[in-house]
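Asker: Here's a structure for you.
The values are calculated or read from the model by the stated rules, or taken from the named source; none is laboratory data. In this text the structure is predicted, and so the values were computed from the model without any measurement. Quick reminder, even Gly has a Cβ in these numbers, built from the backbone with ideal geometry, and neighbours come from all protein chains shown.
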Amino acid sequence: MYYSTAFGLRIGSDIHIPEFSPTQGEPDVIMLTRELAPPPGCPEGENVRLMVPFNGGVLLHWNAIGSFLVQEGRQVTISPRHGVDEALVRLVLTGPVLGVLLIQRGWAVFHAAGVACPLTGAAVAFAAVKGEGKSTMAAAMYNAGYGMISDDLTAVSFDNEHPLVSPGFPRSKLWTESAEALTDGDDTLSMIFPGFKKMSRTVNDRFITTQAFLKAVFVLETADEIVIERLSGFKAVRALLPHWYGALFDGQLLPIFGQERYFREIANLASKVRVFRLARPRRFDVLQEVAARVDYVLSEKEECLGDGA
(Lines give C-alpha, C1' and ligand atoms only; values in the text may rest on other atoms or scores of the structure.)
Protein backbone atom coordinates (compact mmCIF):
# COMPACT_ATOMS: atom_id res chain seq x y z
CA MET A 1 0.00 0.00 0.00
CA TYR A 2 1.21 3.51 -0.86
CA TYR A 3 0.39 6.44 1.44
CA SER A 4 0.18 10.00 0.18
CA THR A 5 -1.66 13.25 0.79
CA ALA A 6 -3.68 15.72 -1.27
CA PHE A 7 -6.11 18.46 -0.18
CA GLY A 8 -5.33 17.69 3.45
CA LEU A 9 -6.45 14.07 3.10
CA ARG A 10 -4.29 11.03 3.79
CA ILE A 11 -4.75 8.57 0.93
CA GLY A 12 -3.91 4.87 0.91
CA SER A 13 -3.76 3.27 -2.54
CA ASP A 14 -2.55 0.05 -4.10
CA ILE A 15 -1.06 1.96 -7.03
CA HIS A 16 1.70 4.53 -6.73
CA ILE A 17 0.49 8.11 -7.31
CA PRO A 18 3.70 10.18 -7.51
CA GLU A 19 1.75 13.40 -8.12
CA PHE A 20 0.65 13.36 -4.47
CA SER A 21 3.03 14.04 -1.58
CA PRO A 22 4.14 11.01 0.48
CA THR A 23 2.84 10.78 4.04
CA GLN A 24 2.21 8.38 6.90
CA GLY A 25 -0.70 7.66 9.21
CA GLU A 26 -4.18 6.20 9.07
CA PRO A 27 -5.72 7.02 5.67
CA ASP A 28 -8.86 9.11 5.27
CA VAL A 29 -9.38 7.69 1.77
CA ILE A 30 -8.72 4.22 0.37
CA MET A 31 -8.14 3.65 -3.37
CA LEU A 32 -8.08 0.00 -4.46
CA THR A 33 -7.95 -1.76 -7.82
CA ARG A 34 -10.92 -4.06 -8.37
CA GLU A 35 -12.96 -5.27 -11.34
CA LEU A 36 -15.98 -3.11 -12.22
CA ALA A 37 -18.43 -3.63 -15.05
CA PRO A 38 -19.14 -0.69 -17.41
CA PRO A 39 -22.39 1.18 -16.69
CA PRO A 40 -25.49 -0.61 -18.02
CA GLY A 41 -26.32 0.51 -21.55
CA CYS A 42 -22.93 2.15 -22.04
CA PRO A 43 -22.53 2.99 -25.76
CA GLU A 44 -19.50 1.91 -27.73
CA GLY A 45 -16.75 4.26 -28.88
CA GLU A 46 -13.34 5.36 -27.62
CA ASN A 47 -14.55 8.86 -26.70
CA VAL A 48 -17.48 7.78 -24.52
CA ARG A 49 -17.52 9.20 -20.98
CA LEU A 50 -20.31 8.55 -18.47
CA MET A 51 -20.86 9.68 -14.88
CA VAL A 52 -23.80 8.00 -13.15
CA PRO A 53 -25.01 7.16 -9.62
CA PHE A 54 -24.11 3.60 -8.65
CA ASN A 55 -24.12 1.66 -5.34
CA GLY A 56 -24.58 4.78 -3.26
CA GLY A 57 -21.69 6.52 -5.00
CA VAL A 58 -20.69 7.97 -8.35
CA LEU A 59 -19.38 5.81 -11.18
CA LEU A 60 -17.06 7.62 -13.57
CA HIS A 61 -16.43 5.66 -16.76
CA TRP A 62 -14.30 6.22 -19.84
CA ASN A 63 -14.39 3.52 -22.52
CA ALA A 64 -10.75 4.28 -23.34
CA ILE A 65 -9.52 4.29 -19.71
CA GLY A 66 -11.78 2.31 -17.38
CA SER A 67 -14.23 2.76 -14.51
CA PHE A 68 -13.84 4.52 -11.14
CA LEU A 69 -16.39 4.21 -8.32
CA VAL A 70 -16.25 6.98 -5.69
CA GLN A 71 -18.22 6.28 -2.51
CA GLU A 72 -18.94 8.46 0.54
CA GLY A 73 -15.82 10.56 0.04
CA ARG A 74 -13.79 7.74 1.56
CA GLN A 75 -13.42 4.92 -0.94
CA VAL A 76 -12.40 4.71 -4.60
CA THR A 77 -12.55 1.52 -6.64
CA ILE A 78 -10.25 1.62 -9.67
CA SER A 79 -10.98 -0.64 -12.64
CA PRO A 80 -8.59 0.23 -15.50
CA ARG A 81 -9.14 -0.97 -19.03
CA HIS A 82 -6.70 -3.76 -19.88
CA GLY A 83 -3.42 -2.38 -21.19
CA VAL A 84 -4.17 1.28 -20.51
CA ASP A 85 -1.21 3.50 -19.59
CA GLU A 86 -1.10 3.89 -15.79
CA ALA A 87 -0.29 7.58 -16.23
CA LEU A 88 -3.69 8.01 -17.88
CA VAL A 89 -5.35 6.28 -14.91
CA ARG A 90 -3.55 8.67 -12.55
CA LEU A 91 -4.70 11.62 -14.64
CA VAL A 92 -8.29 10.61 -13.86
CA LEU A 93 -7.54 9.91 -10.18
CA THR A 94 -5.87 13.27 -9.61
CA GLY A 95 -8.58 15.16 -11.52
CA PRO A 96 -12.22 14.07 -11.89
CA VAL A 97 -12.10 11.33 -9.24
CA LEU A 98 -10.58 13.67 -6.67
CA GLY A 99 -13.05 16.41 -7.59
CA VAL A 100 -16.05 14.11 -7.03
CA LEU A 101 -14.56 12.77 -3.79
CA LEU A 102 -14.08 16.30 -2.41
CA ILE A 103 -17.67 17.21 -3.29
CA GLN A 104 -18.86 14.08 -1.48
CA ARG A 105 -16.89 15.21 1.59
CA GLY A 106 -18.78 18.51 1.64
CA TRP A 107 -16.30 20.84 -0.05
CA ALA A 108 -17.41 23.40 -2.61
CA VAL A 109 -15.16 22.50 -5.53
CA PHE A 110 -14.37 24.84 -8.41
CA HIS A 111 -12.52 24.42 -11.70
CA ALA A 112 -9.83 26.88 -10.71
CA ALA A 113 -6.15 27.16 -9.87
CA GLY A 114 -5.12 28.67 -6.53
CA VAL A 115 -2.10 30.72 -5.49
CA ALA A 116 -1.09 32.42 -2.24
CA CYS A 117 -0.17 36.09 -1.81
CA PRO A 118 3.48 36.42 -0.77
CA LEU A 119 2.79 38.96 2.00
CA THR A 120 0.08 37.25 4.05
CA GLY A 121 -0.59 33.87 2.44
CA ALA A 122 -4.16 34.84 1.48
CA ALA A 123 -5.50 32.69 -1.36
CA VAL A 124 -6.44 33.88 -4.84
CA ALA A 125 -8.10 31.64 -7.44
CA PHE A 126 -8.15 31.77 -11.24
CA ALA A 127 -11.28 30.16 -12.68
CA ALA A 128 -11.67 29.33 -16.37
CA VAL A 129 -13.19 26.91 -18.80
CA LYS A 130 -10.95 24.14 -20.09
CA GLY A 131 -8.10 25.48 -22.21
CA GLU A 132 -8.55 29.13 -21.22
CA GLY A 133 -5.25 29.27 -19.32
CA LYS A 134 -5.93 29.09 -15.58
CA SER A 135 -2.86 26.90 -14.95
CA THR A 136 -0.73 29.21 -17.11
CA MET A 137 -1.99 32.25 -15.19
CA ALA A 138 -1.32 30.58 -11.84
CA ALA A 139 2.16 29.59 -13.03
CA ALA A 140 2.85 33.19 -14.04
CA MET A 141 1.84 34.35 -10.55
CA TYR A 142 4.06 31.64 -9.07
CA ASN A 143 6.97 32.97 -11.12
CA ALA A 144 6.16 36.43 -9.71
CA GLY A 145 6.68 35.16 -6.16
CA TYR A 146 3.27 33.79 -5.19
CA GLY A 147 2.91 30.37 -3.57
CA MET A 148 1.11 27.45 -5.18
CA ILE A 149 -2.06 26.08 -3.55
CA SER A 150 -3.66 23.95 -6.26
CA ASP A 151 -3.69 23.54 -10.01
CA ASP A 152 -6.99 22.36 -11.48
CA LEU A 153 -9.25 22.08 -8.42
CA THR A 154 -9.95 24.68 -5.77
CA ALA A 155 -11.70 23.14 -2.76
CA VAL A 156 -13.50 25.68 -0.56
CA SER A 157 -14.88 25.25 2.95
CA PHE A 158 -17.52 27.65 4.29
CA ASP A 159 -17.26 26.43 7.88
CA ASN A 160 -15.80 29.76 8.98
CA GLU A 161 -16.94 33.34 8.36
CA HIS A 162 -14.35 33.57 5.60
CA PRO A 163 -14.02 30.75 3.03
CA LEU A 164 -10.96 28.54 3.40
CA VAL A 165 -9.16 26.69 0.62
CA SER A 166 -7.22 23.48 1.17
CA PRO A 167 -3.80 22.81 -0.41
CA GLY A 168 -3.88 20.36 -3.31
CA PHE A 169 -0.63 18.69 -4.35
CA PRO A 170 2.63 20.12 -5.74
CA ARG A 171 2.09 19.45 -9.44
CA SER A 172 0.62 21.53 -12.23
CA LYS A 173 -0.28 20.61 -15.79
CA LEU A 174 0.79 23.09 -18.47
CA TRP A 175 0.38 23.08 -22.22
CA THR A 176 3.77 22.38 -23.79
CA GLU A 177 4.11 25.96 -25.09
CA SER A 178 3.24 27.40 -21.68
CA ALA A 179 5.63 25.05 -19.91
CA GLU A 180 8.50 26.03 -22.18
CA ALA A 181 7.75 29.75 -21.83
CA LEU A 182 7.38 29.70 -18.04
CA THR A 183 10.10 27.28 -16.95
CA ASP A 184 12.91 27.63 -19.52
CA GLY A 185 12.70 23.86 -19.97
CA ASP A 186 14.16 23.15 -16.52
CA ASP A 187 14.17 19.81 -14.73
CA THR A 188 10.85 20.47 -12.96
CA LEU A 189 9.08 19.41 -16.17
CA SER A 190 8.19 15.87 -17.15
CA MET A 191 6.01 14.18 -19.75
CA ILE A 192 2.61 13.07 -18.43
CA PHE A 193 2.30 10.31 -21.01
CA PRO A 194 3.32 9.95 -24.69
CA GLY A 195 1.22 12.01 -27.06
CA PHE A 196 -0.41 14.14 -24.35
CA LYS A 197 -0.08 17.84 -25.12
CA LYS A 198 0.49 18.91 -21.53
CA MET A 199 3.57 18.67 -19.32
CA SER A 200 3.70 18.08 -15.58
CA ARG A 201 5.53 20.71 -13.52
CA THR A 202 6.79 19.72 -10.08
CA VAL A 203 6.66 22.58 -7.59
CA ASN A 204 9.67 22.23 -5.31
CA ASP A 205 9.42 25.59 -3.54
CA ARG A 206 6.58 27.73 -2.18
CA PHE A 207 3.97 24.98 -2.17
CA ILE A 208 1.45 25.95 0.53
CA THR A 209 0.77 23.09 2.94
CA THR A 210 -1.84 24.72 5.20
CA GLN A 211 -5.33 26.07 4.60
CA ALA A 212 -5.63 29.69 3.49
CA PHE A 213 -8.41 32.27 3.49
CA LEU A 214 -9.74 32.80 -0.03
CA LYS A 215 -9.90 36.53 -0.77
CA ALA A 216 -10.49 36.84 -4.52
CA VAL A 217 -11.46 34.92 -7.65
CA PHE A 218 -10.44 36.04 -11.13
CA VAL A 219 -12.57 34.65 -13.96
CA LEU A 220 -10.47 34.45 -17.12
CA GLU A 221 -11.45 35.30 -20.66
CA THR A 222 -9.60 36.11 -23.89
CA ALA A 223 -9.56 39.69 -25.19
CA ASP A 224 -7.40 42.06 -27.22
CA GLU A 225 -6.45 44.18 -24.20
CA ILE A 226 -5.89 43.63 -20.48
CA VAL A 227 -9.03 44.52 -18.52
CA ILE A 228 -9.63 43.76 -14.84
CA GLU A 229 -13.20 44.49 -13.75
CA ARG A 230 -14.71 44.03 -10.29
CA LEU A 231 -18.01 42.12 -10.43
CA SER A 232 -20.72 42.07 -7.80
CA GLY A 233 -24.23 40.77 -7.26
CA PHE A 234 -25.73 38.76 -10.09
CA LYS A 235 -22.79 39.54 -12.39
CA ALA A 236 -20.44 37.81 -9.95
CA VAL A 237 -22.77 34.83 -9.58
CA ARG A 238 -23.18 34.50 -13.35
CA ALA A 239 -19.41 34.66 -13.90
CA LEU A 240 -18.82 31.84 -11.40
CA LEU A 241 -21.62 29.52 -12.60
CA PRO A 242 -19.64 27.63 -15.29
CA HIS A 243 -16.80 26.88 -12.90
CA TRP A 244 -18.51 24.82 -10.19
CA TYR A 245 -16.91 21.40 -10.63
CA GLY A 246 -20.19 19.52 -10.41
CA ALA A 247 -21.46 21.45 -13.44
CA LEU A 248 -18.66 20.20 -15.72
CA PHE A 249 -18.65 17.04 -17.87
CA ASP A 250 -21.70 18.07 -19.92
CA GLY A 251 -23.73 18.41 -16.72
CA GLN A 252 -23.64 14.67 -15.98
CA LEU A 253 -22.93 15.27 -12.28
CA LEU A 254 -25.66 17.86 -11.72
CA PRO A 255 -28.51 15.36 -11.22
CA ILE A 256 -26.33 13.56 -8.66
CA PHE A 257 -25.24 16.54 -6.55
CA GLY A 258 -28.28 18.73 -7.22
CA GLN A 259 -29.11 22.16 -8.59
CA GLU A 260 -29.87 23.51 -5.11
CA ARG A 261 -26.34 22.79 -3.89
CA TYR A 262 -24.92 24.19 -7.15
CA PHE A 263 -26.60 27.59 -6.77
CA ARG A 264 -26.12 27.74 -2.99
CA GLU A 265 -22.36 27.26 -3.17
CA ILE A 266 -21.98 29.69 -6.08
CA ALA A 267 -24.01 32.37 -4.28
CA ASN A 268 -22.12 31.75 -1.05
CA LEU A 269 -18.76 32.21 -2.75
CA ALA A 270 -19.88 35.31 -4.66
CA SER A 271 -21.04 36.93 -1.41
CA LYS A 272 -17.86 36.25 0.55
CA VAL A 273 -14.97 36.98 -1.84
CA ARG A 274 -14.19 39.64 -4.39
CA VAL A 275 -14.86 38.44 -7.93
CA PHE A 276 -13.05 39.95 -10.91
CA ARG A 277 -13.28 39.52 -14.66
CA LEU A 278 -9.75 39.19 -16.03
CA ALA A 279 -9.70 39.71 -19.79
CA ARG A 280 -6.33 39.49 -21.47
CA PRO A 281 -4.58 38.54 -24.72
CA ARG A 282 -3.48 34.90 -24.85
CA ARG A 283 0.12 35.81 -25.66
CA PHE A 284 3.23 34.93 -23.70
CA ASP A 285 4.83 38.32 -24.39
CA VAL A 286 2.16 40.04 -22.25
CA LEU A 287 1.82 37.37 -19.56
CA GLN A 288 4.28 39.04 -17.20
CA GLU A 289 2.38 42.32 -17.55
CA VAL A 290 -0.92 40.55 -16.83
CA ALA A 291 0.58 39.06 -13.66
CA ALA A 292 1.86 42.49 -12.61
CA ARG A 293 -1.57 44.04 -13.16
CA VAL A 294 -3.22 41.33 -11.08
CA ASP A 295 -0.66 41.84 -8.31
CA TYR A 296 -1.30 45.60 -8.37
CA VAL A 297 -5.07 45.13 -8.12
CA LEU A 298 -4.67 42.71 -5.22
CA SER A 299 -2.39 45.11 -3.36
CA GLU A 300 -4.65 48.09 -4.10
CA LYS A 301 -7.73 46.20 -2.90
CA GLU A 302 -5.79 44.96 0.14
CA GLU A 303 -6.45 41.31 -0.72
CA CYS A 304 -2.88 40.56 0.27
CA LEU A 305 -2.62 43.12 3.06
CA GLY A 306 -5.31 42.32 5.58
CA ASP A 307 -8.47 40.49 6.54
CA GLY A 308 -10.96 42.72 4.74
CA ALA A 309 -13.49 40.80 2.67
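Asker: Identify the single condition in (1) closer than 24 Å to residue 287 by Cα; (2) modelled with pLDDT of 90 or more; (3) touching a Gly at 6+ places or on another chain (Cβ under 9 Å) that residue 210 does not satisfy, given that it satisfies every other one.
Answerer: Tallying (1) closer than 24 Å to residue 287 by Cα; (2) modelled with pLDDT of 90 or more; (3) touching a Gly at 6+ places or on another chain (Cβ under 9 Å), residue 210 fails exactly one: (1).
Asker: Here's something else I'd like to know. Does residue 41 count as on the phi > 0 side of the Ramachandran plot, over 20 Å from the mean Cα position of the chain (by Cα) and surrounded by 15 or more Cβ atoms within 10 Å (Cβ to Cβ)?
Answerer: Details: on the phi > 0 side of the Ramachandran plot: yes; over 20 Å from the mean Cα position of the chain (by Cα): yes; surrounded by 15 or more Cβ atoms within 10 Å (Cβ to Cβ): no.
No, not satisfied.
Asker: Something else about it: So, in the range 274-294, exactly how many residues are within 19 Å of residue 147 (Cα to Cα) and modelled with pLDDT of 95 or more? Before the answer, list the steps.
Answerer: The initial filter retains those residues of the range 274-294 that are within 19 Å of residue 147 (Cα to Cα), namely 287-294.
Adding the requirement that they be modelled with pLDDT of 95 or more leaves 289-294.
The qualifying residues number 6.
Asker: Select from the range 80-111 the residues that are assigned to a strand (DSSP E or B) and closer than 19 Å to residue 257 by Cα and list them in ascending order. Spell out the reasoning first.
Answerer: From the range 80-111, those assigned to a strand (DSSP E or B) are 80, 108-111; that's our starting set.
Scanning the range 80-111 gives 108, 109, 110, 111.
Asker: Any chance the range 54-64 includes a residue that's closer than 30 Å to residue 207 by Cα and either at pLDDT 95 or above or out of contact with any strand residue (DSSP E or B) (no Cβ under 8 Å at 6 or more places or on another chain) (or both)? Don't jump to the end; show me each part of the working.
Answerer: At the first step, the residues of the range 54-64 found to be closer than 30 Å to residue 207 by Cα are 60.
Keeping just the survivors that are either at pLDDT 95 or above or out of contact with any strand residue (DSSP E or B) (no Cβ under 8 Å at 6 or more places or on another chain) (or both) gives 60.
Yes; the residues of the range 54-64 include at least one that is closer than 30 Å to residue 207 by Cα and either at pLDDT 95 or above or out of contact with any strand residue (DSSP E or B) (no Cβ under 8 Å at 6 or more places or on another chain) (or both).
Asker: Listed residues 86, 19; which is crowded, with 16+ Cβ neighbours inside 10 Å, within 30 Å of residue 208 (Cβ to Cβ) and within 22 Å of the chain's Cα centre (by Cα)? Reasoning before the result, please.
Answerer: Values: 86 fails: crowded, with 16+ Cβ neighbours inside 10 Å.
Sole residue among the options that is crowded, with 16+ Cβ neighbours inside 10 Å, within 30 Å of residue 208 (Cβ to Cβ) and within 22 Å of the chain's Cα centre (by Cα): 19.
Asker: Looking only at the range 163-187, which residues are crowded, with 17+ Cβ neighbours inside 10 Å and over 16 Å from the mean Cα position of the chain (by Cα)?
Answerer: The first filter runs over the range 163-187 and keeps only residues crowded, with 17+ Cβ neighbours inside 10 Å, leaving 163-174, 178-179, 181-182.
Within the range 163-187, 163, 178, 179, 181, 182 qualify.
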